[in-house]
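Notes follow once the structure below has been shown.
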Amino acid sequence: MTPQVEIQLIAVVTAAACSLVGAFLVLRRMAMMSDAISHSILLGIVVAFLAVGDLASPWLVLGAAATGVLTVALVEALHRTRLVKEDAAIGLVFPALFSLGVILLARRAGSVHLDTDVVLLGELAFAPFDRFAPGGTDLGPRALWLAGGVLLLDAAALALFFKELKLATFDAGLAATLGFSPALVHYGLMSLVSVTAVASFDAVGLVLVVALMVGPPAAAHLLTDRLPRLLGLAALMGAASAVGGYWLARWLDVSIAGAMAAT
């Protein structure tokens with residue numbers, strides 16, 4: 001495959017993964033939680049990197065996922081005090097965690113390929129140069145395999161727990177009455193959001209992750225009220241935005257991630 005095709009494939013797979021989990025955030029009226037988690041996971045990534053010293057370590061994903069869950073827990077704890085609204089709680093928690101991550105990054109990891117520009121904006125144009133080659137066999141860009149794995153994880157989790165997610169999203173009281181734990185479903189979903197965000201940040205950047213988690217699901221929700229159809233439409237619209245944004249970026253000679261977010 002040519003680099004142009006690989007870039008578009010990475011973007012399409014990432015867009016589909018972000019749109020699937022983002023649909024439930026939109027339905028739960030938690031769209032800005034994607035912004036909070038996507039920024040605060042930087043702290044988990046940096047802490048995990050400082051502990052293991054390897055950017056390819058799976059501990060970075062686990063650290064980011066843990067920080068995402070911590071963000072949700074802190075927002076809910078602050079909101080339960082009834083001193084601030086939920087949106088204000090989000091606005092207080094994620095800048096604090098993100099700032100800690102930036103400080104640690106600048107002080108302790110400034111000499112590695114991990115900086116705020118990479119985290120925020122990513123660079124899809126460079127993704128085809130980082131190859132996945134076990135045993136010397138080139139199997140394509142590492143980012144494509146990572147994004148594909150996350151998409152399969154998201155799709156499998158949504159398929160296995162579709163009933164629980166649907167009930168907990170639309171009627172948490174009924175879910176609890178039927179024996180499901182809305183809190184467990186909630187934190188499971190937030191963990192998926194965290195893993196999806198950290199798997200995407202290096203290639204596409206957090207700005208595009210937030211755009212893909214909110215834009216396509218919100219647009220799909222305008223077209224249908226049926227959940228399965230909404231999930232499919234969100235994934236298709238995310239993929240279409242990725243492809244359209246790539247060609248817009250080539251036409252205008254601008255940032256690929258920025259053009260995709262704008263599309």
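Laid out as a table, the results:
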quantity: Exposure rule at most 13 other beta-carbon atoms within 10 Å, DSSP loop trypsin sites (Lys or Arg not before Pro): the chain longest free segment; calculated: 86-225
quantity: Computed magnitude of the charge dipole of the chain (debye, nearest 20; Cβ of K, R +1, Cβ of D, E -1); calculated: 560
quantity: Selected from L124, L78, L20 as most flexible by GNM, with the chain as the system and alpha-carbon contacts under 10 Å; calculated: L78
quantity: Average accessible area per residue (Å²) across the chain - probe 1.4 Å, nucleic acids and ligands excluded; calculated: 49
quantity: Where only C-alpha atoms are counted, convex hull volume of the chain per residue in Å³; calculated: 137
quantity: Helix-derived mean residue ellipticity, 222 nm - over the chain, DSSP H n ≥ 4, -39500 (n - 2.57), to 500; calculated: -26500 deg cm²/dmol
quantity: Size of charge dipole - region 150-263 - debye, nearest 20, with Cβ of Lys, Arg +1 and Asp, Glu -1, no other charges; calculated: 200
quantity: Full-stretch length increase - L174, E76 - with 0.36 nm per residue and alpha-carbon distance subtracted; calculated: 33.2 nm
quantity: Against the rule of thumb 2.2 N^0.38 Å, how large the Cα Rg of region 173-263 comes out; calculated: 1.32
quantity: Carbon + sulfur, % of accessible area of the chain - ligands and nucleic acids excluded, 1.4 Å; calculated: 67
quantity: Global geometry of region 1-76, whether rounded, prolate or oblate, following the gyration tensor of its Cα atoms and the 1.5 cut on a/c; calculated: oblate
quantity: At least 30 Å along the helix axis (C-alpha) and Kyte average at least -0.5, DSSP helices within the chain; calculated: 3-27, 31-52, 58-80, 86-108, 182-221, 227-252
quantity: Choice from G101, G205, G244 with maximal GNM fluctuation in the chain (Cα, 10 Å cutoff); calculated: G244
quantity: Gain in span if fully extended, A106 to D253, counting 0.36 nm per residue against the direct Cα distance; calculated: 49.9 nm
quantity: Most mobile listed residue (A17, A89, A242) in the chain, GNM with C-alpha springs under 10 Å; calculated: A89
quantity: Cβ-Cβ FRET estimate between R131 and A156, R0 fixed at 45 Å, reported to 0.05; calculated: 0.95
quantity: Interchain or long-range residues, amide H under 5 Å from R131's placed H; calculated: R142
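The values are calculated or read from the model by the stated rules, or taken from the named source; none is laboratory data. Owing to the predicted nature of the structure, the values given are computational and were not obtained by experimental measurement. Cβ atoms come from the backbone with ideal geometry, glycine included; neighbour counts cover every protein chain shown. Accessible surface is based on the protein model in full, side chains and every heavy atom, while ligands, DNA and RNA are left aside. Shrake-Rupley method; radii C 1.70, N 1.55, O 1.52, S 1.80 Å.
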